[in-house]
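Asks: Structure below; questions to follow.
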Amino acid sequence: MIVKAVDDKTWPDLETLFEGRGGPKHCWCMAWRTRGDQSKLKGPGRKALLHARVEAGEPVGLLGYDGDEPVAWVSVAPRSTFRGLGGREGDDERIWSIVCFFIRRSDRGRGLFAQLVAAAEQEAKRHGATAVEAYPVDPDSPSYRFMGFVGSFEEAGYVAVGRAGTRRHVVWKDLPGE
């Protein structure tokens with residue numbers, strides 16, 4: 001899998017992935033980014049908000065490709081760009097958060113999740129992050145499954161540091177310096 005940051009050039013690929021069958025076109029990965037009245041927006045409004053962030057040069061996430069075709073997404077950005085996620089205390093600019101995944105159904109089970117997590121860590125580090133935090137759930141959770149599962153993050157070297165609400169765990173990984 002090839003991974004690219006979402007920017008003006010890759011935005012059309014994000015549209016293709018999100019608006020395809022089963023894609024998250026209803027939320028546009030804005031659930032944890034919206035504040036106040038913005039949280040009441042529907043799909044097109046959320047898409048416009050995410051696109052505005054991309055146009056402003058703000059990191060929002062990464063796309064995974066199979067050849068030229070977008071097949072996967074991970075939302076990774078500075079924690080400061082999200083509303084309260086319930087994580088550890090620290091410098092929100094140097095801590096990045098992984099909050100959402102989408103992998104096309106036909107591409108699941110190919111190990112793309114682990115590749116997306118590794119790419120998210122590298123992207124965060126490239127931007128000066130010292131740690132990455134995520135908010136996965138247990139495999140039997142009835143909701144928030146788009147945030148990943150605890151065991152998958154543990155396999156990637158994350159450690160549990162707390163809870164955020166009743167379903168979400170908080171996991172953490174320090175990023176080694178150069």
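Every number in this text was worked out from the coordinates using simple rules, so none of it is lab data. The shown structure was predicted, so the numbers you read here are calculated from the model rather than taken from an experiment. Using ideal geometry, Cβ is built from the backbone for each residue, glycine included, and neighbour counts are taken over all protein chains shown.
Asks: Any idea which residue in the range 89-98 is nearest to Val71 (Cα to Cα), counting only those that are crowded, with 21+ Cβ neighbours inside 10 Å and in contact with a Gly (Cβ under 9 Å, 6 or more places away or on another chain)?
Replies: Going through the qualifying residues, I end up with Ile98.
Asks: Looking at the range 152-169, which of its residues are under 17 Å from the mean Cα position of the chain (by Cα) and closer than 15 Å to Val99 by Cβ?
Replies: Ser152, Phe153, Tyr158, Ala164, Arg168, His169, listed by residue number.
Asks: Looking at the structure I just gave you, is Ala77 crowded, with 18+ Cβ neighbours inside 10 Å and small (Gly, Ala, Ser)?
Replies: So Ala77 fits the description; yes.
Asks: Next up: Out of (1) surrounded by 16 or more Cβ atoms within 10 Å (Cβ to Cβ); (2) under 20 Å from Ala5 (Cβ atoms); (3) within 16 Å of the chain's Cα centre (by Cα); (4) hydrophobic (A, V, I, L, M, F, W, C), the odd one out for Trp172 is which?
Replies: Of everything listed in (1) surrounded by 16 or more Cβ atoms within 10 Å (Cβ to Cβ); (2) under 20 Å from Ala5 (Cβ atoms); (3) within 16 Å of the chain's Cα centre (by Cα); (4) hydrophobic (A, V, I, L, M, F, W, C), Trp172 misses just condition (2).
Asks: Among the strands (runs of 3 or more DSSP E) confined wholly to the range 1-105, which include 1 or more residues that are in contact with a Cys (Cβ under 6 Å, 6 or more places away or on another chain) and within 25 Å of Val161 (Cβ to Cβ)?
Replies: 69-78, 95-103
Asks: Checking Ala72 against (1) surrounded by fewer than 21 Cβ atoms within 10 Å (Cβ to Cβ); (2) touching a helix residue (DSSP H, G or I) at 6+ places or on another chain (Cβ under 7 Å); (3) touching a residue at least 24 places away in the same chain (Cβ under 8 Å), which single condition isn't satisfied?
Replies: (1)
Asks: Got a number for residues in the range 120-163 being surrounded by fewer than 17 Cβ atoms within 10 Å (Cβ to Cβ) and in contact with a Gly (Cβ under 9 Å, 6 or more places away or on another chain)?
Replies: Residues meeting the conditions: 6.
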